[in-house]
Amino acid sequence: MTNSVNYIKGYTYLRVISCIAIIFIHAIVSALTLFGGDFSLKQIVFYRSIVNCLMWAVPCFIMVTGALLLDPSKQISYQKLFSKYIIRILKVIIIFGVIFTVLETIFDPDKANVKEFLNGLYEIFAGQSWAHMWYLYCLIGLYLLIPFYKKITEHSTKNELKYLLIIYFVFLSIIPVLNAWGIESGFYIHVSSIYPFWLFLGYYLIHYTDRAGRRAAGLVLAGLILMVICTWIRWNHNVEWLDRLFSYSSVLVVFQGGGLFQLLSGRKLSRFPSLDRLLERIDSRSFGIYLIHLIYIRGIYKYLYFNPFEYGGILGIIGIVIAVFALSYATDYMLKKIPVFRSIL
């Protein structure tokens, strides 16, 4: 196996491109929601295809987490688990949940009253804050079970882990599609989400497969092509059950996410030191950028009333993504100078 240092360098690629992909997703979806009411079918298919072809972003983040935390050489005590991982994410949820609640009163003055503010605080507990916050609740659920997930990876053979992944894949990715076709299945396994699958998949791909090759590239390409075709069929023929293929449990997202992880996880950084440093700096701020970026997207769309579709369409979206990325990066840089934010970002 390639040594672990090179793996971590490969993770930098994954986290950076995943971070940018998430900004693209939210920039497009938010713009479609606010300004896409009069779009033609071709425009809807075009923008929805871009969004659906980027759904691998969050799974790649989770696979990196699995590859790192489930590694047998990484010891995680219960004290470290709660103090370093779980408590940190809880602080992020509370602090940014309050920030987003306050910002809601700025973006929507009708909500500038005590009742709406208290309701916003309740939404933090209920997981109903801004849309991208769901990932933090997901992380806490995964972290809580890490001690048991580590026991599985530490004491399982390659074939046993492959068996576990196949079970997850069949019951959480394949069977839901069959149900959408009207093929009912009474069989189920006792898990509630696809995310442990992504966690274990990251570990499996690092330890038991090659990190590059035509097969991985083929999976990514096949997933992208099929995703575009399915998006076109969904909107051109109003086939609503195809929406199941545009989620994190989608077979096509598994192809794309798994293939991309294989291609990049073992990749060394470039031979250009300046590019290496740039990627590493972005990587170090990827969590902060994830938390902050939606503030600027909402501000640009709702507060400045900027419609990117009136300024070049996809070029306008690209401009928004670049601006939001730069602003989020700068904000993370400034926030990390404040102790309370430095400890959580």
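The values are calculated or read from the model by the stated rules, or taken from the named source; none is laboratory data. Keep in mind the model is a prediction, meaning the values are calculated, not measured. Neighbour counts are summed over all protein chains in view; Cβ atoms, including those assigned to glycine, are modelled from backbone coordinates with ideal geometry.
Points worth noting:
- Members of the range 114-160 that are polar (S, T, N, Q) and part of a helix (DSSP H, G or I): N119, T153, N159
- Residues being assigned to a helix (DSSP H, G or I) and free of Cβ contacts under 8 Å to residues at least 24 places away in the same chain - total across the range 315-340: 9
- Pairs, first closer than 15 Å to E123 by Cα in the range 83-110, second charged (D, E, K, R), C-beta under 8 Å, six or more apart: G97/E123; T101/E123; L103/R298; E104/K111; E104/E116; T105/K111; T105/E116
- Scan of the range 295-329 for residues that are under 24 Å from M133 (Cβ atoms), surrounded by 14 or more Cβ atoms within 10 Å (Cβ to Cβ) and of a type in the set (A, V, I, L, M), ordered by number: I295, I297, I300, I317, I320, V321, A323, V324, L327
- Test: residue in the range 266-277 that is modelled with pLDDT under 95, within 21 Å of the chain's Cα centre (by Cα), crowded, with 17+ Cβ neighbours inside 10 Å and closer than 30 Å to L226 by Cβ: yes
- Counting the residues of the range 206-239 that are exposed (fewer than 14 other Cβ atoms within 10 Å of the Cβ), assigned to a helix (DSSP H, G or I) and at pLDDT below 90 gives 3.
- Here the condition is being at positive phi and surrounded by 13 or more Cβ atoms within 10 Å (Cβ to Cβ); of G66, G120, G127, it holds for G127 alone.
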